[in-house]
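These notes concern the structure reproduced below.
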Amino acid sequence: MSKSLIETGVIVNSDGSYQTWKPSSVDEVGGTMQFWGPLFPGQRLDSLLSADQDTAFTAIASWVRAKISLGDNHSTLSPNACFIGENGSVFFAPENLSNRCLFAEGIEHDRYNCPDLSGISASNMDAAAFCAGVMLYTALAKTHPYPTSDFYQDMREGVFLPVHLALPTLDKELSDLIQTALLLPVKRKNLKSNLSLLSGDKILNNILSILTNKKDLFRTLTGKETEQINKEKENYQLKKNTIIKTFRYVSNNKLFLTGLSAILILGIFLIGSMIKGRLDRPTTKGMEPHSVVTAYYDAYNSLDHVFMDVILMGASKEDVKAAMNLFVVAKVRQAYEPGVTELYITKIGSSEDEGQIFYRADYLFLIPYEPVTIIRSDTITLEQDRRGNWRITEILRASSQ
């Protein structure tokens, strides 16, 4: 509140001259503080935007002229805090004091200015040109260009119904200027208007020239033009409801989507690794039954439990578990005698009806670190899997020392 006591405003006359407005006194009535200063008879600018076209144009032209006269000198931008006098003079009320008053009225946000165009590093003329564009759009279309609750984000991203669609009969030069002004918060590389490189002060001067010199600002559309505009409106709404909403969802949920993407990538990698592992696993493809039995015991000697597991199809995996337990020993197994020695494999019969072949394997089994030799005799049953590969389905073992 103490800041409001020393904050100043500015009054810009119709001839471009201006003087500072300073509060001269303050009192309190019914719990409300009142600030007093030099009298300025006029109407608040935002209330004039909904008036008839001539009144709105005259008010906006006075505001633009005042902004051009002030240049980069500071003055409040919000039309809610500006007053237009009958002679074309403009009173820019103290900004902090105006904001407190507007907040008390229930106006919490300034819908006519983009925060990205205000501040020390921004051009005051760009901010003024954007504000002029919003006011002209509102006055002409009788609707705000950013009607949603996300209006600041819409301003930053240039999300509004393009001027040539909202006001298809408007003079093209003025239409392009308003469009360019509304796109000032957007990065220049994304601007598509042929006037996109105009600076804020150039936009304001061109707008003022049109508002004060041109008499006929509207034209009549042909049937073909009307049809084309309606089609463009439909396309814009589709774009707004799909692409823009999707983009914003992605933008507002970056962390969640990044985490989800990482999980999906990891899942794809694991599945791919599993599939590759399955494809890279050894098989008994092309091997004769006798070779399968021999390979099984050779794999036992080398502790190749993976190949042993591949050869089995329903038979006991006791040998596979034993090979896995001795896997560490395999790293230095050159110091040991082979586990399976004196192996003799004999075919003992077959069953054509059931597609089975029977072998007997006689061998000595040596256990590392233990001076024990076990005599084994295995009766082995082989069958073909669905790919036609021979695999062991049963091992009946007889052991003695």
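Quick look at the numbers
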| quantity | calculated |
| --- | --- |
| Loop-exposed GluC sites (Glu not before Pro) per DSSP, neighbour cap 14 Cβ within 10 angstrom, longest uninterrupted part of the chain | 109-351 |
| Max mean-square fluctuation residue, GNM over the chain, Cα-Cα springs under 10 Å, options S78, S291, S47 | S291 |
| Kirkwood hydrodynamic radius (C-alpha pairs) into Stokes-Einstein, segment 24-154, 10 °C and 1.306 mPa s, D in µm²/s | 101 |
| Kirkwood-based Rg to Rh ratio, segment 2-223, C-alpha trace | 0.97 |
| Signed unit charges on C-beta, dipole axis of segment 2-223, positive-most listed residue G31, V159, N87 | V159 |
| Viscosity 0.890 mPa s, 25 °C: Kirkwood-radius Stokes-Einstein D of the chain over Cα pairs, µm²/s | 84 |
| Sequence-separation-based contact order of the chain, relative, with Cα cut under 8 Å and 6+ spacing, percent | 9 |
| Förster radius 35 Å - calculated FRET efficiency between A322 and D353 (Cβ-Cβ, nearest 0.05) | 0.55 |
| Sum of side-chain charges, R219 neighbourhood, beta-carbon under 13 Å (Lys, Arg +1; Asp, Glu -1) | -1 |
| Gyration tensor verdict on segment 31-97 (Cα atoms; rounded if a/c is under 1.5, prolate if a/b is larger than b/c, oblate otherwise) | oblate |
| Listed residue pairs exceeding 24 Å between alpha carbons, taken from K22/K202; K142/K172; K22/K142 | K22/K202; K22/K142 |
| Separation of the Q384 and I265 label points, Cα + 7 Å toward Cβ, nm | 4.7 |
| Rounded to the nearest 20 debye, dipole of the chain from Cβ charges on Lys, Arg, Asp, Glu | 660 |
| For D216, D171, D72, order by how many other beta-carbon atoms lie within 10 Å, fewest first | D216, D72, D171 |
| With Cα atoms, 0 to 90° folded angle of helix 254-280 axis to the chain main axis | 20 |
| Relative contact order of segment 5-118, defined on C-alpha pairs under 8 angstrom at six or more residues apart (%) | 30 |
| Sequence of T222, T76, T169 once ranked by neighbouring C-beta atoms within 10 Å, starting from the fewest | T222, T169, T76 |
| Fewest-first sequence of L97, L366 by Cβ atoms within 10 Å of each Cβ | L366, L97 |
| Principal-axis tilt of helix 223-239 within the chain, Cα atoms, nearest 10 degrees | 50 |
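Every number in this text was worked out from the coordinates using simple rules, so none of it is lab data. If you're wondering where the values come from, they're calculated on a predicted model, not measured in any experiment. Cβ atoms come from the backbone with ideal geometry, glycine included; neighbour counts cover every protein chain shown.
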